[in-house]
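Here the structure is laid out as structure tokens; the discussion comes afterwards.
Derivation of every value follows stated rules applied to the coordinates shown; laboratory data play no part. Because the structure is a prediction, the values reported are computed rather than measured. Here the Cβ positions follow ideal geometry from the backbone for every residue, glycine too, while neighbour counts run over all protein chains shown.
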Amino acid sequence: MGRPFLYICALVLFSSAFFVVPRGSAASTPEVAVAVPSRILPPPPSGGNPPPGPFPLDAPFGANVRVSETTTSGNQNEITVAVQPNGRLHMAWNDYRAPNPDYRCGYSYSTDGGQTWSANQLFHAAGFDADGDPVLFTDSLNNVYLVCLPFDRAGSSQIVIYKSTDGGVTWGPYTTVSDTPSGFADKPWATAVGTTLFVCYTNFVGGGDDLRFTSSTDGGTTWAPTRVLDSNGQGCTFASNTAGTLYLAWSRGGANWAWRSTDLGGNWSAAVRIGLAPWTDAPDERANPFPSMAAFGSNVYVVWGANDGMGTWDVRFARSLDGGATWGGLKIVNAPDQFNRQFMPAVSVDALGTVHVVWYDNRTGLMAIRYAASSDAGTTWFPSLRVTDTEWNTAFFIGDYIQMLVDPSGHVCVGWTDHRSGENEAYFASSSAIGPPALARIDVTPPSATTDADTPVTFTANGFDQYEQPYASAPTWAATGGGIAGGMYTPSLTGDWQVWANESGFSGSANVHVTPGALTRIDVTPPSVTITADDVQQYTATGYDAHDNVRPIAPAWGVSDGGISGGGLFTPRHVGTWSVYANDSGIVGSTTVTVTPGILASIVVSPPSPTITADQFQQFNAVGYDAKGNVLGISPTWAASGGAVDAFGFYSPSIAGTWSVYANDSGVSGSALVTVLPGTLRTIDVTPKNVTVAADLTVQYTARGYDAKGNEVPITPTWTVSPNAGAIDAAGLYTPARVGTWTVTATDGAVSGWTAVTVQAGPLARIDVAPSPITITADQILPLTATGYDMRGNVVPIAPTWAATCGTVDASGVYTPGPARLCVAYANQSGISGAAQITVTAGRLTRIDVTPPTSTITADQFVDYTATGYDAKGNTVPISPTWSAAMGTIDAGGHYTPSQVGTWQVTATAGSISGTATVTVTVGIIFSVEVTPSPVTITADDTKQFQAVGKDRAGNPVPFSGFAWSVDNGTIVAGLFTPYRVGDWTVTATALSEFPGTAHVTVTPGKVARVVITPPSAHLAEGGVASFSASAFDAKGNSVPTARFSWRAEGGVGDVDGSGRFTATHGGQGQVVVTATGGGGSASASASLLVDAPAGVSSGLVLGLIALVAAIAFAVLMLILRRRRKKDAPPPP
């Protein structure tokens, strides 16, 4: 620590000889009498001028900065300062400068740590003479508040507060804080705990004064009514700790007192005396014993000015270590330098608990600002340092307080009134740091770096103390955009990020720019879209690195069907689901696109150009296509330029020719050409009709053939004429013979056409009509003969005019009866008349009319027909017809029930006479469903496709495709049955949720796919027997009863027969294996075997060997003994 440290130690020891106030612990007696030996004070400088200077600046304080402006004359005093968490400094003061008539509240702010300050602002409440006693503070929302005291020299005043939300750049209008209607409000102080604001002040009224307190919870907009906490004092101040405990102190009765509130001023403790504050005013210096207070945790610190026992002032210190309950630890902060005056102190405590104090000091006879600090809660103090870089002659009024605080970086910031220029000015200075070497700054290197998201970067943190010397640091690391451990930064996100090294409330940082890493993924968007074949789809490909950072790419595009441009624009072609690919640097991203048919673009009608006769029909079909040729389902409307076509494309011709048939849907039309040829011959028309000719003339006849639709059919007729009526040749030229009316007929095949011809005779004299009288039926015709005679009775050909009283007679004399009765027929010519009497009776049945004649019904409906009989003349003939139908059934009452779809005839017949009606039967609604094939047998390994056909009540197929399929075992989708279990099952197809049809399917086992052996293992002794059984199953788990099993034993431990019976023959381990075959498949399974050898085999073998050896030994011994006996025995006798 060097010589300076030794010097300081010596100075402390030396000064302690003169300082009789004990430097005891915090538990020392609160009040200690202060006695200082008399000493000779240095004489004040003569002439009121400062001594030669400047004096050297004591480290660690920086340059003194004048905050009040130099452009106008005047005085500034009573300094207050505040600092925001971002380090922005604020200063306010009493400001009396030209040309203002009185004091204002002056203000300025600094954004560079106090090196430079903004232009001064002056605050004045209209209606008052002056403004003063400023107090600055901030809340937790970073708002800045300025409390001012507008007052009149006549004696009235109020407390007001201004608020800035932009760091002091602009301020809102003031709000009145005080609510005392009488007296003089003075010496306010203010603070904030969180967002709750607190103000105290002294209200002089009635010869005394009150300590007033109020608070605001809405940012100073409104204030609670003031409360009186004490009386007969002055100079209130606040302090608070991070727990929200609020402390208040002021000076009363020669002592300083404190209060405590733990509920934000709702309730206050009783007043507790901090320490004595004896005070004697000086004629040349206005000062006071007002307290300044600071808090750190449960420690509360107060400093104030007081008499030192030598006729001048010292800075006293006291502390509470129990949250303001008791006070002690009295110290003289400026000891041992107690020369002349030390007064108007301010105290602050930093984030580490270090206590800082500044005060005015004229120990040299000139005024300066000095500073001291304690790192042990005020038990000991570092020797004081001079803050000001020069000294000056004092002025009488320099305000009633100065202020000092510690900013978030640990810099001690001091504001004071400075008279070095000959006028009082607002000055500022700040330290770099205070106290023993401690971490004051962390530098991170490199300060900036660039990397990609795949590559880590190593950062290093270096600590420095307040004296800019290296300081050992072990920071914790933090980073944005990635992670960091031990200084190794691992990026993840691209962008500009920060890396921090943090320790003990200090932080160093570096910037890192992260670019994308290597491409690892491509996302193609939009994913899985559905478009029509007419549309296009723009795709975008986005590349990502391994950390999901976007990486620029220039992909090559591909698609499994259709086309895609280099910019990702997809143009579809065929309907279906296709894959779209984006490729870059070996990385592929893909998505799917489903192409559905586009809008209808064309209709193709088939057959395109058929040829039919007028008697035939043609079924046309229409298929719609989009612009890409994809088939579209359509429901066209049909039309034809000739003939008729129904809603289903069924064409019925009429006139022969070439006609167009059209299918139209949604404004799109398709067409086909149909050529209609004449049909078969149905009628022949003979002309001229019913001519009269003299017997000596000829008549040329012509015949034309027609089909059923009236189209002319070429014919080559054969001509005939009535017998004895003359002759007609092959060209139709008729030559008459006898007088009379005859029939001329043209015949081609089975079709004939005819007309009548009348042959005339000579002049008439008499007419005989024959036959007469006669009876005929009404359906008959009666040829009457009128024979003309001349007056000589010669037959003269005549052509009489005929008449009848009822019925008709034509020009040839053919009588056609009318109503049944007695009629007279007349032949008249040239005034001559002949007559015949005809009795007409009802005729034979010649016609039956069936009603309704035409009808159209569905196969689900019926028609009731009626039949009426008529003779040839229209007389009703009662009939009991027999009914028949070309298709369907009709009962005896004419009730017709249809069956097949089509156009059919219904016939009523009586005898040989029939009448017909036409009925068109169309498809009915679904009545039943037929499912095929049925029955059917498959194995469980197979699948079976079933078909369903809807039918109407008559059994006609009804087009339908929306069948709901079900099966009572297995699965079926769109008729495709996949079996599961063996058995007889029913497949059901249901139309319209109410018309089911069924088919029966028998599922037999599939091929062997699995075999199960039981038991799975056996443990037995040699000679033991175990019976195994096996079951075979197909792939669906169905038992395969027809499976064949083969057995074998492995491991040499025994044998197994064909039924699975195992006989153990040798000890050891093995297995029984069974193989099942059937249905074209096979599978095997095994059971483990453990065979034990007979108990005692090993010990028995040993005993046996021993016994054998013993037997051999015994035999040898006996042999030796026998030989010895033979040797010793006497010879035989």
Where the centroid of each part is defined by its Cα atoms, how far is region 898-941 from region 813-870 in Å? 38 Å
Both in Å, the radius of gyration and Dmax of the C-alpha trace of region 847-922 are 12.3, 39
Lys and Arg at +1, Asp and Glu at -1: add these up for the other residues within a Cβ distance under 9 Å of Arg212 and post the number. -1
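How big is region 521-596 by the Kirkwood estimate over distinct Cα pairs, in Å?
On the way: mean 1/r = 0.0808 Å⁻¹.
12.4 Å is the Kirkwood radius here.
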Largest-first principal axis extents, alpha carbons of the chain, Å: 206, 176, 57
With the convex hull built on the alpha-carbon atoms of region 673-811, volume per residue in Å³ sits at 146 Å³
Please state the equivalent ellipsoid semi-axes for region 766-841: what are the square roots of 5 times the Cα gyration tensor eigenvalues, largest first, in whole Å? 23, 11, 9
When N is the residue count of region 76-232, what does its C-alpha Rg come to as a fraction of 2.2 N^0.38 Å? 1.01
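So what is Rg over Rh here for region 602-677, counting just Cα atoms and using Kirkwood for Rh? Before the final figure, lay out the partial values.
Values: Rg = 12.3 Å, Rh = 12.3 Å.
For region 602-677, the value is 0.99.
Please give the direction-averaged projected area of the C-alpha convex hull for region 683-760, in square nanometres with one decimal.
Working: hull surface 18.6 nm².
Averaging across all directions leaves 4.7 nm² for the Cα convex hull.
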Among Ser812, Ser528, which comes first, then next, by fewest other beta-carbon atoms within 10 Å? Ser528, Ser812
Region 256-322 and region 722-777: distance between their alpha carbon centers, rounded to Å: 161 Å
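Note the full-extension length gain between Val693 and Ser118 as 0.36 nm times their separation in residues minus their Cα-Cα distance, in nm to one decimal.
192.7 nm
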Just how large is the dipole of region 653-797 about the Cα centre, in debye to the nearest 20, putting +1 at every Lys and Arg Cβ and -1 at every Asp and Glu Cβ? 260 debye
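Using a Cα distance threshold of under 28 Å, what count of lysine pairs results for the chain when pairs must be 8 or more residues apart or interchain? Please report the intermediate quantities before stating the final value.
On the way: Lys163/Lys187; Lys187/Lys331; Lys689/Lys709; Lys689/Lys873; Lys709/Lys873; Lys944/Lys1007; Lys944/Lys1036; Lys1007/Lys1036.
Going through the chain pair by pair, I get 8.
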Values of log10 I(q)/I(0), in the order q = 0.12, 0.19 Å⁻¹, for region 1010-1092 under a Debye, Cα-only, solvent-free model: -0.33, -0.72
Using only Cα atoms, find the angle between the long axis of helix 1097-1128 and the longest principal axis of the chain, and express it within 0 to 90 degrees, rounded to the nearest 10. 90 degrees
Value at 222 nm in deg cm²/dmol, rounded to 500, when DSSP H runs of n ≥ 4 in the chain each add -39,500 (n - 2.57): -1500 deg cm²/dmol
Histogram of C-alpha separations across region 946-1007, 5 Å bin width, %: 4, 19, 27, 21, 13, 9, 5, 2, 0
Residue among Ser899, Asn502, Val676 farthest towards the positive dipole end of the chain, charges placed on Cβ: Ser899
Counting DSSP beta bridges with both partners in region 848-941, what percentage is antiparallel, nearest 5? 80 percent
For region 683-760, what relative contact order do you get, as a whole percent, if you take Cα pairs closer than 8 Å and at least 6 residues apart? 38 percent
Please name whichever of Pro1005, Ala639, Gln403 sits farthest to the positive end of the charge dipole of the chain, dipole taken about the Cα centre and charges placed at Cβ: Lys and Arg +1, Asp and Glu -1. Pro1005
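Over all directions, what mean area does the Cα convex hull of region 277-328 project, stated in square nanometres?
Numbers: hull surface 15.3 nm².
Averaged projected area of region 277-328's Cα convex hull equals 3.8 nm².
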